[in-house]
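Below is the structure I would like to discuss, written out as structure tokens.
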Amino acid sequence: MADTKQGDTKQAEARAERTAAKLAKRIQTFSKEHGGAEGQLAYLGQMGTRIVLVGEDGGWGDLVAPTHEVARSAAEKAGITLHESFDGDFAAKVRTGPYEWTRMAGIQVGGPSND
């Protein structure tokens, strides 16, 4: 019985490692496309952890990892700096365009409604 539990644990660890490696590759691709990148991890509850990425050019994006540990491992493998929070100088790096403004503000500023 113990062997089965150990085997299940090893399989879960291997699966988590593969997921972290795949996410790290995606983070590295984002970083290359945007002249470098920094990130912040945001806990999403049972859904996992959101990896928010901000490129040196102000571009931004995100990925979702199944666990906080996988998200942290992916960021470390990708070699990006992680911030504790999304505020101050880090948040100021984000550059938004017309699409984001209309999506965020919606009808309040004449953007598309979400009907």
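Find how much the distance from THR67 to GLU17 grows on full extension, using 0.36 nm per residue of separation minus their present alpha carbon separation; answer in nm with one decimal.
Gain in length upon complete extension: 16.9 nm.
Run through every distinct alpha carbon pair of the chain and return the Kirkwood hydrodynamic radius in angstroms, one decimal place.
Value: 15.8 Å, from the Cα pair sum.
Roughly speaking, to the nearest percent, how much of the chain's 1.4 Å accessible area is carbon and sulfur?
Solvent-exposed carbon and sulfur of the chain make up 52 percent of the total.
Each label point is 7 Å from the Cα along the Cα-to-Cβ direction; what then is the distance between the points at ASP87 and GLN6, in nm?
About 4.8 nm separates the two model spin labels.
For the chain, what is the accessible area per residue in Å² when the probe is 1.4 Å?
Per-residue accessible area for the chain comes out at 68 Å².
The values are calculated or read from the model by the stated rules, or taken from the named source; none is laboratory data. Not measured: the values here are computed from a predicted model. Backbone-built Cβ (ideal geometry, glycine too); neighbour counts: all protein chains shown. With ligands, DNA and RNA removed, areas are computed over all heavy atoms of the protein, side chains included. Shrake-Rupley method; radii C 1.70, N 1.55, O 1.52, S 1.80 Å.
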